[in-house]
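Undergrad: Sharing a structure here in structure tokens format.
Just so it is clear, none of the values below were taken in a lab; they were calculated from the coordinates. What you are looking at is a predicted structure, and each value in this text was computed from that prediction instead of being measured. Positions of Cβ are backbone-derived with ideal geometry, glycine not excepted, and every protein chain shown enters the neighbour counts.
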Amino acid sequence: MFIVDPHREYAKQTESRVIIRFQDCDPLRHLNNAKYLDYFFNAREDQVPKLYGVEIMDLIKSYEAFWVVYNHHIAYLKPANLGEWVRIITRLVWFDDNTIVVEYLMLDDYKSHLKTLMWTTFKYVGMNTSRTIVHSDEVKAYLGAMKFEGVNYDPTLFDDRVKEVKQLIQTEV
């Protein structure tokens with residue numbers, strides 16, 4: 001179980017460096033569109049325990065609930081190529097009583113070009129009911145500790161967010 005330490009500042013995003021694998025590519029040697037999901041989810045699953053000291057399975061067992069994918073917004077901007085090293089950044093950008101939204105970015109290894117941006121909405125579901133349930137106070141504290149501030153989340157403004165991130169990357173390089 002995750003207990004928020006009020007004296008600790010928690011990381012607000014995860015970052016992984018990964019290589020694009022042969023088996024995940026199409027005949028043009030680009031990462032297959034469906035495989036982006038695997039790369040994004042694996043990167044977050046690998047990093048969250050390191051940053052917050054909790055395994056997702058521990059949360060599931062403790063609260064008898066888990067997050068299921070509800071929908072995705074995704075923009076494929078530049079291909080990720082076979083053998084290329086990329087950076088994957090993930091961050092929780094929004095949550096309410098029973099929903100979370102995670103933002104995923106794939107950039108080139110130098111973080112100078114945005115390749116893909118995705119928002120995934122997850123619903124919190126009880127194991128026994130298979131229905132959406134409310135986050136407990138402890139889970140809300142956990143989500144609040146990791147929430148990345150500064151993203152004006154609105155599902156109708158996804159394209160605006162893509163433009164905003166591209167501009168941020170250009171000004172940082």
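Undergrad: Report the label-to-label distance for D154 and Y76 in nanometres (one decimal), using points 7 Å from each Cα along the Cα→Cβ vector.
TA: 2.9 nm
Undergrad: So who's got an amide H within less than 5 Å of the one on Y70, skipping anything under 5 residues away but keeping other chains? H placed 1.01 Å off N, in plane.
TA: For Y70, the qualifying residues are T121, F122, K123.
Undergrad: Sticking with this one: Any idea what the dipole of the chain comes to, in debye rounded to 20, about its Cα centre with Lys/Arg Cβ at +1 and Asp/Glu Cβ at -1?
TA: The calculation lands at about 360 debye.
Undergrad: Sticking with this structure for a sec: Taking θ = phi - 60°, what integer Hz values does the Karplus form 6.51 cos²θ - 1.76 cosθ + 1.60 yield along segment 119-130, in sequence order, with x for Gly and Pro?
TA: Computed from phi, the couplings for segment 119-130 are 10, 10, 9, 10, 9, 8, 10, x, 5, 7, 9, 6 Hz.
Undergrad: Another question, then. Which one of V68, V48, V101 has the biggest mean-square fluctuation once the chain is modelled by GNM with Cα springs under 10 Å?
TA: V68
Undergrad: W85 label point, 7 Å along Cα→Cβ, cut-off 16 Å on backbone N: hits in segment 1-27?
TA: Once the point is set 7 Å along Cα→Cβ of W85, 15-21 turn out to lie under 16 Å by backbone N, inside segment 1-27.
Undergrad: Along Cα→Cβ, 7 Å out, is where each label goes; now give me the distance between the ones at T132 and E15 in nm to one decimal.
TA: Result: 3.4 nm between the two label points.
Undergrad: Let me ask something else. Quick one: what does P(r) look like for segment 14-172 with 10 Å bins over all Cα pairs, in whole %?
TA: In order of increasing distance, the bins hold 10, 38, 34, 16, 2 percent.
Undergrad: Taking the Cβ of each residue in I100, I88 as the centre, tally the other Cβ atoms inside 10 Å and list the residues starting with the fewest.
TA: I100, I88
Undergrad: Would you order T121, T99 from fewest to most other beta-carbon atoms within 10 Å of each residue's own beta-carbon?
TA: T99, T121
Undergrad: Hey, another quick one. Run the quick spin-label model on E45 and E172: label points 7 Å from Cα toward the beta carbon, then report their separation in nm to one decimal.
TA: Each label point is offset 7 Å from its Cα along the Cβ direction, giving 2.6 nm.
Undergrad: Choose one answer from Q47, Q13, Q23: the residue with the largest mean-square fluctuation in a GNM of the chain with alpha-carbon springs under 10 Å.
TA: Q23
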